[in-house]
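For reference, the structure is listed below as structure tokens.
The values are calculated or read from the model by the stated rules, or taken from the named source; none is laboratory data. Bear in mind that the values here come from a model prediction, so they are computed numbers and not experimental data. Because the Cβ atoms are built from the backbone with ideal geometry, glycine has one as well, and the counts that use them run over all protein chains shown.
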Amino acid sequence: MKDIRLMKGNEAIAEGAIRAGCDGYFGYPITPQSEVMEYLFANKIKERTGMIVLQAESEIASIHMVYGGAACGKRVMTSSSSPGISLMQEGISFMAGTELPCLLLNVVRGGPGLGTIQPSQSDYFQTVKGGGHGDYKMIVLAPASVQEMYDFAKLGFELAFKHRIQVMVLSDGAIGQMMEKVELDEQVPRWTDAEIKAMSPWATTGKTPDRERNIITSLDLNPVKQEIININLQKKFKHIQETEVRFERIQCDDAEYLFVAYGSSARICQKAVLLGRERGIKVGLLRPITLFPYPSDELAKLAKQVKGMLSVEMSAGQMVEDVRLSVNGAVPVEHYGRLGGIMPAPDEVLNVLEQNFIKEKTYEPHTN
Amino acid sequence: MTEEIIIAGFGGQGVLSMGKILAYAGMMQNKEVSWFPSYGPEMRGGTANVTVIISDERISSPILNKFDTAIILNQQSMDKFENSVKKGGVLIYDPNGITRHPVRTDINIYTIDAADEAAKLGLAKVFNMLVLGGFLKLKPLIEPEYMRKGLEKSLPLRHHNSIPENEKAIERGKEIIKAQLVLS
């Protein structure tokens, strides 16, 4: 029989991590994601899989504990919300420099600063364009349902180890706090020490006489070597761009207008698509599931078909830049978003789409 | 069938748990469900509300601004959500503590004296189940056996001995809900 439960998004990703064979969680509480650690503590996790769950003294400590666990080849994770993720940026950059795999979760709240505890999507730039220093990218997964919060724990670990990269699940307060049905799958066993040695020969598992010492460092003062390190990183990101793009097309086949939205905004737009179709507007939704790698090719294809795109994001306009880069001026692209923790309603975004593209508005090319 | 519901009142009235029991029961009856709460400081004594959707289809947006049914349990929520009921929709409220009654004439309006009834029964805790019963009388979305399963799933084991009184309260709620304005 299928194991189906009603769970909060935050609980679902915690359960997902347990069942994906996670070895360790290190975190520090912050609304709206504190249920992640609460769930792990409440579920007798040590007895279930032997996974370590530790409340660190700060977010900075948490991310460096993740660094340490990852360096040993373990499946480790942390989670936080916007202000806490800002604190972690140094550690994330160091993990990028050392190519350490890990799972990170940001349940985004409105900023800047302490901002609010309500949902927002204003951390797109920080997550997708950098955040920490240096030329690096993370794989970014954007769940739009509680089921995806669950699924992306396992997928995240798989991608992290496949590419030796940090995977960030970019969620928001709405997805984290709401409850939906979740279908759970079988427990994946945690790796044994032998499996880790076979799987991650680079890991610091203790030097044996038959191999050189493994050293994990992001420091190389020789610029010639450092350039090679960077070129190799860029090759990896290019390979990921070519092979790991994920997206969902909703009513795109005959669409004349397109919403582009991820996470909870995509859910709102999904309803707006239904409402639009009731009004006789052929509107569809392209939902990026990976924000890096971004579904640029798919948007470029859709740009040949639709008359306009509305990027909907709970921000002042961050992802819209990637939509514009993808379509490269082929169709008008506008942004709509609410700020500071306010969520737009389905009819609200549909009205904006109508006002921008349908109600006798002449197209003014975007310039900047 | 899709039923989009907002339940709103004071923190502590059992608003969120009423929604949770409804969502669990819907899930047990094999419906698609979503439960989206207001969260944070509201939970500590201010207003609390939750959007519950029960549907036969995949749920699109869990975030809504128009509802088929609004269940309103304090004045602030009345001020905030009276106009969020879809035309022809349903507004249920407990008049206890309400100083400004609803004025719309394009929706169906019902009252339920759940606070008084709970006081009469000497069981303040079943207040929310009385209200839920009233709702289920109007919208019999969930079969009683699944309501029981919903209660079993959402209440912690140590409170399972209170399930019969909760079920009784749901039945009592069905009896005490009163029509104020019913559109023909």
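Assorted remarks:
- Among the residues listed as A:231, A:268, A:281, the single one being touching a helix residue (DSSP H, G or I) at 6+ places or on another chain (Cβ under 6 Å) and modelled with pLDDT of 95 or more: A:268
- Selection of segment A:275-299 for residues being within 14 Å of chain B (Cβ to nearest Cβ) and touching a residue at least 60 places away in the same chain (Cβ under 8 Å) yields A:275, A:276, A:283, A:287.
- Listed here are the helices (runs of 4 or more DSSP H) enclosed by segment B:89-184 that have at least 1 residues being closer than 19 Å to residue B:75 by Cα: B:114-121, B:127-138.
- Filtering A:48, A:19, A:75 for residues that are over 19 Å from residue A:167 (Cα atoms) and either among the charged types (D, E, K, R) or without any contact (Cβ under 8 Å) to a residue 24 or more places away in the chain (or both) leaves a single hit, A:48.
- Within segment B:29-41, the set of residues being farther than 19 Å from residue A:145 by Cα and facing another protein chain (nearest Cβ under 9 Å) comprises B:40, B:41.
- Failed condition for residue B:183, given (1) closer than 23 Å to residue B:70 by Cβ; (2) buried (at least 17 other Cβ atoms within 10 Å of the Cβ); (3) of a type in the set (A, V, I, L, M): (2)
- Of all residues in segment B:46-98 being without any contact (Cβ under 8 Å) to a residue 24 or more places away in the chain and among the acidic types (Asp, Glu), the one that is farthest from the other protein chains (Cβ to nearest Cβ): B:79
- Residues in segment A:309-330 that are on the phi > 0 side of the Ramachandran plot and touching a residue at least 24 places away in the same chain (Cβ under 8 Å): A:328, A:329.
- Residue satisfying condition, being in contact (Cβ under 8 Å) with a residue 12 or more places away in the chain and more than 25 Å from residue A:34 (Cα to Cα), within set A:203, A:144: A:203
- Any hit, segment A:62-73, residues being within 14 Å of another protein chain (Cβ to nearest Cβ), assigned to a helix (DSSP H, G or I), buried (at least 18 other Cβ atoms within 10 Å of the Cβ) and touching a Ser or Thr at 6+ places or on another chain (Cβ under 7 Å): no
- Matching option when the condition is of a type in the set (Ser, Thr, Tyr), within 14 Å of another protein chain (Cβ to nearest Cβ) and crowded, with 16+ Cβ neighbours inside 10 Å, among A:265, A:200: A:265
- Members of segment B:114-171 that are of a type in the set (S, T, N, Q) and within 13 Å of the chain's Cα centre (by Cα): B:128
- Total residues in segment A:218-262, condition of a type in the set (Ser, Thr, Tyr) and either within 15 Å of residue A:299 (Cβ to Cβ) or within 14 Å of chain B (Cβ to nearest Cβ) (or both): 2
- Any hit, segment B:3-10, residues being more than 20 Å from residue B:86 (Cα to Cα) and at pLDDT below 95: yes
For every residue, the table says whether it meets (1) under 30 Å from residue A:338 (Cα atoms); (2) more than 14 Å from chain B (Cβ to nearest Cβ); (3) in contact with a His (Cβ under 6 Å, 6 or more places away or on another chain); (4) in contact (Cβ under 8 Å) with a residue 24 or more places away in the chain.
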| site | (1), (2), (3), (4) |
| --- | --- |
| A:167 | yes, yes, no, yes |
| A:170 | yes, yes, no, yes |
| A:175 | yes, no, no, yes |
| A:183 | no, no, no, yes |
| A:187 | no, yes, no, yes |
| A:196 | no, yes, no, yes |
